[in-house]
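The values are calculated or read from the model by the stated rules, or taken from the named source; none is laboratory data. All values derive from a computational prediction rather than experimental measurement. In this analysis, Cβ positions are derived from the backbone assuming ideal geometry, glycine residues included, and neighbour counts consider all displayed protein chains.
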Amino acid sequence: MLLKVTRRSFLLGAAGSAASRKARPLAADLTGIDFSFIQVTDTHVSRNRLFDARRGYDVPADESIRRTREAVKAINDCSLPYELIVHTGDVAHTRNTTEDFDLARELHQFKRPAYYIPGNHDVGYSETHKYRPAFEERFGKANQAIEPVPGLRLALFDSQPLDNRAPEAHREEAFQHLDRILTPPKPTILFCHVMGLQSFHVNQLWPGWPADVMNRWTDRMKRGGVFAVLAGHFHRDEQHFVNGLPFYLAGPVINMWGRQSCFRHWRLAKGLLTYRTIYLEI
Ligand SMILES: [Fe+2]
């Protein structure tokens with residue numbers, strides 16, 4: 001849960017290539033930054049019952065609405081200081097009509113600036129071109145970078161096309177977006193939905209993305225200054241290291257598989273990135 005990030009460790013961490021070794025000194029030292037934000041994920045908003053026999057979930061109609069309302073209220077009422085909210089995907093449950101998107105837009109009434117990344121339920125894997133416009137119309141750009149405090153970048157990345165099911169051309173386009181939002185190198189927290197890790201469920205380890213994709217993705221992130229990847233998708237709390245880069249997976253708002261709704265409060269202070277998980281008692 002702890003990651004010490006200093007100017008020296010950032011530069012060393014980013015020094016995987018000749019290009020990054022030439023990186024200019026950072027404009028601001030991370031140890032001087034005190035910045036907090038909230039991560040919320042997997043709200044799966046829908047008016048309908050959420051049922052999938054193969055994946056083993058069955059959530060009654062309106063439950064996603066009730067839980068999203070409670071989560072948004074708890075975030076708005078949260079007494080811990082924070083500057084903004086990032087939703088790491090599966091904002092809505094169904095993408096075949098815009099009904100769930102519209103309902104999700106209506107329910108996500110945050111009092112602070114909020115940023116959204118599409119998940120597999122929002123835009124799928126193989127036809128992201130088809131579904132992304134409706135998502136972006138309501139929730140903003142799927143690939144963008146912001147600098148909420150000088151010297152710290154938050155990169156919002158639509159990683160869906162990195163999956164095997166996407167056409168090669170879409171994957172290349174996603175890498176171009178990644179290139180754009182991570183230029184120039186700068187200390188960065190990257191947010192995405194799917195992250196290509198192996199998934200352990202039903203007592204079995206399921207394959208993630210091929211090693212060449214994982215290496216290319218993590219190499220590019222490290223060259224761009226990414227020091228933490230924050231994701232959703234698994235509906236579980238997990239931490240992993242891939243190619244030396246820490247991945248943090250947050251639990252969901254929706255209660256598939258009996259999960260308790262939660263969100264995370266993150267703080268970067270004195271060069272340490274830490275979080276609290278806040279559970280909703282509903
Ligand atoms: Fe999800």
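Residues of the range 137-172 that are closer than 28 Å to P252 by Cβ and acidic (D, E): E137, D158, D163. Screening N96 on (1) at negative phi; (2) modelled with pLDDT under 95; (3) within 16 Å of the ligand (Cβ to nearest atom); (4) of a type outside the set (D, E, K, R) shows it passes everything except condition (3).
Cβ-Cβ contacts under 6 Å between residues 6 or more apart (or on different chains), taken from a first residue in the range 38-67 that is more than 17 Å from E106 (Cα to Cα) to a second residue that is of a type in the set (G, A, S) and surrounded by 13 or more Cβ atoms within 10 Å (Cβ to Cβ), are listed as Q39/A250. Can you name the condition, by its number, that E106 falls short on among (1) in a helix (DSSP H, G or I); (2) touching a residue at least 40 places away in the same chain (Cβ under 8 Å)? The number of the failed condition is (2). Please indicate, with yes or no, whether at least one residue in the range 189-208 is within 26 Å of A269 (Cα to Cα) and either surrounded by fewer than 20 Cβ atoms within 10 Å (Cβ to Cβ) or touching a Pro at 6+ places or on another chain (Cβ under 8 Å) (or both). Yes. Of the set (1) surrounded by fewer than 21 Cβ atoms within 10 Å (Cβ to Cβ); (2) closer than 25 Å to N143 by Cβ; (3) among the hydrophobic types (A, V, I, L, M, F, W, C), all apply to V86 but (1). Inside the range 216-271, can you point out the residues that are charged (D, E, K, R), away from the ligand (no atom under 16 Å from the Cβ) and either in contact with a Pro (Cβ under 6 Å, 6 or more places away or on another chain) or modelled with pLDDT of 95 or more (or both)? Listed by number, the residues that qualify are R216, D219, R220, K222, R223, R267. Any idea which residue in the range 161-185 is nearest to F234 (Cα to Cα), counting only those that are among the polar types (S, T, N, Q) and not in a helix (DSSP H, G or I)? That would be N164.
Mind listing just one residue for me: the one in the range 233-261 that is polar (S, T, N, Q) and in contact with a Lys or Arg (Cβ under 9 Å, 6 or more places away or on another chain) and, of those, farthest from T88 (Cα to Cα)? The extreme case among them is N243. Is it the case, given these coordinates, that F191 is at pLDDT 95 or above, away from the ligand (no atom under 14 Å from the Cβ), among the aromatic types (F, W, Y) and over 26 Å from E83 (Cα atoms)? For F191, the condition - at pLDDT 95 or above, away from the ligand (no atom under 14 Å from the Cβ), among the aromatic types (F, W, Y) and over 26 Å from E83 (Cα atoms) - is not met.
If the condition is being farther than 16 Å from T94 by Cβ and either hydrophobic (A, V, I, L, M, F, W, C) or assigned to a helix (DSSP H, G or I) (or both), then the range 109-132 contributes F110, A114, I117, H129. Picking from residues in the range 37-55 that are outside any strand (DSSP E or B) and within 18 Å of P113 (Cα to Cα), the one that is farthest from the chain's Cα centre (by Cα) is T43. For first residues located in the range 79-90 and within 11 Å of the ligand (Cβ to nearest atom), partners that are in a loop (DSSP other than H, G, I, E, B) and among the hydrophobic types (A, V, I, L, M, F, W, C) and lie 6+ apart or on another chain with Cβ distances below 6 Å form the pairs T88/I117; G89/I117.
Answer yes or no as to whether H108 is within 14 Å of the ligand (Cβ to nearest atom) and within 27 Å of N255 (Cα to Cα). Criteria not met by H108.
Scanning the range 29-48 for residues that are within 16 Å of the ligand (Cβ to nearest atom) and either exposed (fewer than 13 other Cβ atoms within 10 Å of the Cβ) or aliphatic (A, V, I, L, M) (or both) yields V40, V45. For the range 139-160, check the following and say yes or no: at least one residue is in a helix (DSSP H, G or I) and in contact with an Asp or Glu (Cβ under 7 Å, 6 or more places away or on another chain). Checking the range 139-160: not a single residue is in a helix (DSSP H, G or I) and in contact with an Asp or Glu (Cβ under 7 Å, 6 or more places away or on another chain).
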